[in-house]
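This report refers to the structure that appears directly beneath it.
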Amino acid sequence: MIVPALVAGWVGLALGTMGYWFVGFGIATSCTDIHESVHGCDAMYRWMHVGRIGQLLLVLPLIAALVVGLAWPASRKVIAVSMWALAAVAFAWFAFYMSSAASTF
């Protein structure tokens, strides 16, 4: 149960921080190349900020599942599967909000 928790936590935090900055930098550069106006990229930045907040909020169910799994050993298999699912949700959310941000310009 610890390995899925560490993987899911690392994925969520890495995508919410480093992934946000690296992929976001590329998307923001493309947007500012196309829109030279002052507020041309506002929608893109809103998508990116909402996505990053959501990405970091995905760590909260992980912490709750870890606490439940440690408190009730009988539920550890179910909790471990749910943690792997949270890692998949983190990847899917990242792809969704970055593609949504990129499609605004």
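Averaging the sequence gap over all C-alpha pairs within less than 8 Å and six or more residues apart, then dividing by the number of residues, gives the chain a relative contact order of 49 percent.
Each residue of segment 80-96 was assigned a 3J(HN,Hα) from its phi angle through the Karplus curve 6.51 cos²θ - 1.76 cosθ + 1.60 (θ = phi - 60°); the sequence is 4, 5, 5, 5, 5, 5, 5, 5, 5, 5, 4, 5, 5, 5, 4, 5, 5 Hz, with glycine and proline shown as x.
Which whole-number value in Å² is the accessible area per residue of the chain, probe 1.4 Å? Could you put the intermediate results ahead of the total?
Numbers: 6280 Å² over 105 residues.
Here the residues of the chain average 60 Å² of exposed surface.
Taking all protein chains as present, what is the carbon and sulfur share of the accessible area of the chain, in % to the nearest whole number, probe 1.4 Å? Don't skip to the answer; put the middle values down first.
On the way: 4890 of 6280 Å².
Exposed carbon and sulfur together represent 78 percent of the surface.
Whole-Hz Karplus values for segment 33-45 come out as 5, 7, 9, 9, 7, 5, 10, x, 10, 4, 5, 4, 5 Hz, taken residue by residue from phi with 6.51 cos²θ - 1.76 cosθ + 1.60 and θ = phi - 60°; glycine and proline positions read x.
Among the protein heavy atoms, those of residue 39 account for about 130 Å² of accessible surface (1.4 Å probe, every chain in place). Here Kirkwood radius over Cα pairs in Å was calculated from the structure, and among [x] 15.7; [y] 15.2; [z] 14.7 it sits at label [z]. Distance between the 7 Å Cα→Cβ label points at residue 6 and residue 33: 4.0 nm.
For residue 92 and residue 17, calculate 0.36 nm times their separation in residues minus their Cα-Cα distance, and state this gained length in nm to one decimal. Length gained, residue 92 through residue 17: 25.4 nm. For the chain, the mean residue ellipticity at 222 nm estimated from helices alone is -27000 deg cm²/dmol, where every DSSP H run of n ≥ 4 contributes -39500 (n - 2.57) and the total is divided by all residues, rounded to the nearest 500.
Where in segment 78-101 does the label zone of residue 64 land, with the point 7 angstrom along Cα→C-beta and an amide N cut-off under 19 Å? Counting only backbone N, you get 78-91, 93. Please give, to one decimal in nm, the separation of the simple spin-label points placed at residue 25 and residue 42, each 7 Å out from Cα toward the Cβ. For residue 25 paired with residue 42, the spin-label model returns 2.7 nm.
The values are calculated or read from the model by the stated rules, or taken from the named source; none is laboratory data. Because the structure is predicted, anything quoted here is derived from the model rather than measured. We place every Cβ from the backbone using ideal geometry, glycine too, and count neighbours over all the protein chains shown. With ligands, DNA and RNA removed, areas are computed over all heavy atoms of the protein, side chains included. Shrake-Rupley method; radii C 1.70, N 1.55, O 1.52, S 1.80 Å.
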